[in-house]
Amino acid sequence: MSFPSPLSQPPHGAPALIPPPAASPAPLPVEPRRGHVWAIWVVGLLIVLLVGLVGYFLTFIGPSASLVGMVLALLPLAGVLFAVRLVDRWEPEPRSLVVLALAWGAVAAVAIALLVDLALTVVLRPEPSAAQDFFSGVVQAPVVEEVAKGLGILLVFAFARRSFDGPIDGVVYGALVGAGFAFTENIQYFAVSFIEGGVEQTSMTFFVRGILSPFAHVMFTSVTGFALGLAARRGATPRAALGPWALGLVGAIGLHALWNGSATVGDFFGLYATLQVPLFAGFILGVLALRREEERLTRARLGEYAVEGWFTPQEVDMLATRAGRRAGLAWARSLRGDRTALMEGFIRDATELAMTRQRALTGRDPDAARVERVHLERAAAARAALFAP
């Protein structure tokens with residue numbers, strides 16, 4: 001018997017059957033999304049204003065001083081963003097909206113404030129005086145800057161309402177807008193101090209703005225965000241939310257004016273210790289109270305699903321408490337293959353499910369039923385994967 005080549009072998013029997021591939025698991029569903037034409041317009045506006053701001057800094061301050069100011073301004077910004085991230089850990093906001101809020105504060109709000117100040121200067125032609133400095137710092141700046149920053153929060157509320165569930169979300173968006181504004185404003189302050197007084201004056205300015213008060217703008221604008229967050233929790237439409245937004249602006253402007261007034265009249269450090277520090281402490285306590293309310297709401301909404309058999313009471317305890325989440329993540333790490341990512345997804349989808357049900361109860365999300373089904377299916381898939389052998 002001849003073979004095609006010396007290396008070929010004759011068949012010894014019927015070939016073994018190759019089993020067919022297992023059916024691929026169904027892909028996890030995703031939330032229904034709407035077209036975001038508004039985002040394209042906002043990004044375009046931010047790009048135009050950014051070009052203008054860069055030109056302003058390069059023309060009136062210079063590249064070297066601007067670079068020094070930017071490097072120094074990054075330090076308090078990093079600390080503020082870390083703190084905001086801690087506040088936002090329970091139900092993190094979408095990264096796209098985090099970037100948008102930060103960019104609105106750093107670019108749009110600053111540009112709007114500069115343009116309004118320039119227009120008022122051209123129209124009113126004020127004479128330099130102590131009274132004019134007081135009016136500019138204690139009245140004009142707080143009103144113009146807080147309205148410019150508040151427009152960014154209102155924009156998120158109006159066009160991304162599914163990601164604006166309540167007061168803690170409003171505080172987060174307000175804090176991000178305020179952090180962005182403070183970053184760009186600090187570049188200018190640090191750069192001007194470097195030009196006028198060198199390292200010594202720059203160090204003093206950095207101590208006051210970067211160490212003593214990195215959260216000042218964050219705290220002011222968070223008041224506006226808090227008011228809009230309350231409106232969101234109650235199911236207000238964008239038009240109905242204009243009243244709470246204006247009321248929040250009054251609080252933000254008042255705090256801003258109080259801060260600027262303490263810097264222009266009286267003993268700044270004395271007022272800082274006796275007034276600003278207690279206000280900041282109260283702000284922190286308020287944020288912690290809002291976090292506890294968010295946990296309570298998550299437990300209440302998930303408990304309703306537990307009644308219908310979607311979750312066990314033990315799972316609700318794990319998903320709706322910080323201690324339970326830590327224990328769940330530790331358990332997932334001990335499983336074969338380290339299933340931490342699966343547990344994180346389970347927690348995330350369960351939390352989003354609770355927020356979706358809250359939106360459904362207030363009637364402000366027409367897609368709530370579809371989004372609810374998506375997160376139910378994703379949570380069920382995550383649980384099955386966690387318990388898979």
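I'm trying to understand the selection: among the residues of segment 362-374, which are in contact (Cβ under 8 Å) with a residue 60 or more places away in the chain and assigned to a helix (DSSP H, G or I)?
Answer for segment 362-374, where residues must be in contact (Cβ under 8 Å) with a residue 60 or more places away in the chain and assigned to a helix (DSSP H, G or I): Thr362, Arg370, Val371, Arg373, Val374.
Residue-wise test of (1) of a type outside the set (Lys, Arg); (2) free of Cβ contacts under 8 Å to residues at least 60 places away in the same chain; (3) crowded, with 17+ Cβ neighbours inside 10 Å; (4) in contact with a Cys (Cβ under 8 Å, 6 or more places away or on another chain).
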position: Val107; (1), (2), (3), (4): yes, no, yes, no
position: Asp133; (1), (2), (3), (4): yes, no, no, no
position: Phe181; (1), (2), (3), (4): yes, no, yes, no
position: Gln201; (1), (2), (3), (4): yes, yes, no, no
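Identify, from the list Pro278, Pro389, the residue that is of a type outside the set (A, V, I, L, M, F, W, C), surrounded by fewer than 20 Cβ atoms within 10 Å (Cβ to Cβ), out of contact with any helix residue (DSSP H, G or I) (no Cβ under 8 Å at 6 or more places or on another chain) and not in a helix (DSSP H, G or I).
Pro389
Within the group Phe226, Phe220, Phe206, which residue is over 30 Å from Thr362 (Cβ atoms), modelled with pLDDT of 95 or more and part of a helix (DSSP H, G or I)?
When all the criteria are applied, what remains is Phe206.
Pro29: part of a loop (DSSP other than H, G, I, E, B), of a type outside the set (A, V, I, L, M, F, W, C), loosely packed, with under 12 Cβ neighbours inside 10 Å and at pLDDT below 95, yes or no?
no
From the residues in segment 319-356 that are of a type in the set (Asp, Glu) and outside any loop (DSSP other than H, G, I, E, B), which one is farthest from Ala306 (Cα to Cα)?
Glu344
Among (1) surrounded by fewer than 20 Cβ atoms within 10 Å (Cβ to Cβ); (2) in contact (Cβ under 8 Å) with a residue 60 or more places away in the chain; (3) not in a helix (DSSP H, G or I), there is one condition Pro126 misses while meeting the rest; what is its number?
Against the list (1) surrounded by fewer than 20 Cβ atoms within 10 Å (Cβ to Cβ); (2) in contact (Cβ under 8 Å) with a residue 60 or more places away in the chain; (3) not in a helix (DSSP H, G or I), Pro126 comes up short only on (2).
The conditions are (1) closer than 22 Å to Ala236 by Cβ; (2) surrounded by 18 or more Cβ atoms within 10 Å (Cβ to Cβ); (3) of a type in the set (Gly, Ala, Ser), and Ala369 fails exactly one of them. Which is it?
(2)
Could we say that Gly309 is small (Gly, Ala, Ser) and either surrounded by fewer than 16 Cβ atoms within 10 Å (Cβ to Cβ) or in contact (Cβ under 8 Å) with a residue 40 or more places away in the chain (or both) here?
Judged against the criteria, Gly309 is a match.
So, Arg359, is that one in contact (Cβ under 8 Å) with a residue 60 or more places away in the chain, assigned to a loop (DSSP other than H, G, I, E, B) and of a type in the set (Lys, Arg) or not?
No: the conditions fail for Arg359.
The values are calculated or read from the model by the stated rules, or taken from the named source; none is laboratory data. Keep in mind that this is a model prediction, so the values were computed, not measured. Cβ coordinates were reconstructed from backbone atoms using ideal geometry, including for glycine residues, and neighbour counts include every protein chain displayed.
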